[in-house]
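Presented below is the structure to which this report refers.
Coordinate-derived values only; no laboratory data. Quick caveat: nothing in here was measured; it's all calculated off a predicted structure. Cβ atoms come from the backbone with ideal geometry, glycine included; neighbour counts cover every protein chain shown.
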Amino acid sequence: MNYKKKPGFATLAIHAGQEPDPLTGAVTVPIYPTSTYVQQGIGENKGYEYSRVTNPTRTRLEENLAALEGGLAARVFASGMAAIHALVSTLKSGDHVVCGNDLYGGTPRLFNQVMSDFGLEFSYIDTTRAANIEKAIRKNTRMVYVETPTNPLMRLSDLGAISAICRRKKVDLVVDNTFMSPYFQQPLALGADLVVHSTTKFLNGHSDGLGGVVVCAKQEHADKLAFLQKASGAILSPFECWLVLRGVKTLAARMEIHDRNGRVVAYFLTKHKKVKSVLYPGLPGHPEHELAKRQMSGFGSMITFETGSLKNANKMLKRVRLCSFGESLGGVETLISHPATMTHAGLGEKARREIGITDGMVRISVGIEKVDDILEDLDQALTAI
Ligand SMILES: Cc1ncc(COP(=O)(O)O)c(C=O)c1O
């Protein structure tokens with residue numbers, strides 16, 4: 001793109017990496033469903049040799065996502081977990097990672113049940129206090145890995161304070177920015193080194209494809225991850241790259257509505273007599289509400305609330321009609337889930353209890369339907385408890 005001043009986010013989302021096709025003028029990026037490319041001679045090619053290594057549709061998506069997060073480069077993978085796996089595969093046996101203790105359940109499952117067998121060490125701490133991170137960093141610590149807001153407890157970590165510690169200790173800061181998307185939170189601008197997303201969620205936005213990305217601030221990381229795309233091959237297919245490119249064009253518009261609906265639903269839940277408590281950074285009573293106002297430009301649409309028991313949660317989840325009871329988040333449709341038996345089942349009861357995930361907790365990803373319809377559905381389902 002050739003602009004005099006830096007374009008706004010919504011402009012980047014539609015145009016970065018998405019320039020009209022030079023060959024035909026097509027305004028949407030073509031899908032290149034090819035495994036290989038004809039070469040002009042030995043060592044002579046048009047920049048593409050084999051699609052595990054690079055593919056033009058993937059290149060365009062990587063350019064787009066790097067622009068949205070303000071990074072140097074992005075590398076996309078077959079799922080969010082494949083992206084996180086590639087990221088920790090840049091480490092070596094004996095290296096240590098300091099992690100938040102309230103991550104998406106699949107992340108500690110990968111770390112503890114797969115990567116530990118390759119000699120990586122992981123500690124889990126409360127990252128809402130930056131001082132805890134300083135204490136947890138050891139001589140062999142290479143990475144600090146945080147989600148903010150966390151999943152499902154919606155706690156925030158101060159990325160500016162944590163990145164200052166990481167810079168001083170020469171440790172990379174990785175932020176899983178899936179819940180906020182780059183529209184509401186820009187971790188690289190706050191000093192993080194790497195940003196991870198499950199593109200399955202808000203970036204794609206239509207619940208029709210899995211994907212993951214790592215956005216890098218440094219060339220060294222971008223090169224290592226490009227090597228891992230080639231070496232281990234868990235890359236995103238051209239068609240699914242195209243789905244994300246299509247989805248991301250409306251990211252700014254969708255996030256505005258997600259945020260607006262999220263606020264309305266959160267306040268509605270605080271007033272509902274069947275709801276015991278609501279975890280949402282946009283509420284003044286949230287422990288990091290002030291930080292949320294500083295660090296994010298919106299509060300998003302992820303809300304967790306307490307129904308009081310497994311029985312109550314189940315009753316409610318069985319009654320929803322418009323809201324879809326299922327795994328995942330970030331789609332245009334309102335999705336509602338039960339962390340204790342779904343995303344965080346693998347943690348085990350003891351670990352869940354220690355961090356405060358109860359059997360009565362329900363997590364809602366508020367969609368972009370007419371908000372009155374969402375409220376009506378939640379009300380009839382909650383009233384049945
Ligand atoms: C915050 C977060 N990070 C990572 C992942 C993993 O992404 P995927 O399901 O695309 O592998 C998820 C999945 O729910 C998630 O919620």
Fluctuation leader among Tyr50, Tyr183, Tyr280 - the chain, Gaussian network, Cα springs under 10 angstrom: Tyr50
Cβ-Cβ FRET estimate between Lys169 and Ala189, R0 fixed at 22 Å, reported to 0.05: 0.60
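With runs of 4+ DSSP H residues as the only contributors, calculate the mean residue ellipticity of the chain at 222 nm using -39,500 (n - 2.57) per run, divided by the residue total and rounded to the nearest 500.
Roughly -11000 deg cm²/dmol at 222 nm, from the helical runs in the chain.
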Estimated distance in nm for a label pair at Ser232 and Glu333, the labels positioned 7 Å out from Cα along Cα-to-Cβ: 3.2
The chain - percent relative contact order, Cα under 8 Å, separation 6 or more: 17
Low-density loop cleavage sites - GluC sites (Glu not before Pro) in the stretch 48-79, where at most 15 other Cβ are within 10 Å (DSSP): Glu49
Rg to Rh, two decimals, where the stretch 251-383 supplies the alpha carbon set and Rh follows Kirkwood: 0.95
For the stretch 1-151, the fraction of alpha-carbon pairs in successive 10 Å shells from zero, as %: 9, 27, 27, 22, 13, 2
Projected label distance in nm at Lys350 and Val27, using a 7 Å step from Cα toward the beta-carbon: 5.9
Fluctuation leader among Phe122, Phe227, Phe184 - the chain, Gaussian network, Cα springs under 10 angstrom: Phe227
Two-site label geometry, Arg129 and Asp208: point separation in nm, points 7 Å out along Cα→Cβ: 4.8
Evaluated at q = 0.16 Å⁻¹: base-10 log I(q)/I(0), Debye formula over Cα of the stretch 201-244: -0.51
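I need the calculated FRET efficiency for the pair Lys46 and Gln380, taking r as the beta carbon distance and R₀ as 45 Å, to the nearest 0.05. Intermediate results must be reported in sequence, preceding the final value.
Working: r = 58 Å, r/R0 = 1.29.
After rounding, the FRET efficiency stands at 0.20.
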Size-normalised alpha-carbon gyration radius of the chain, reference 2.2 N^0.38 Å: 0.99
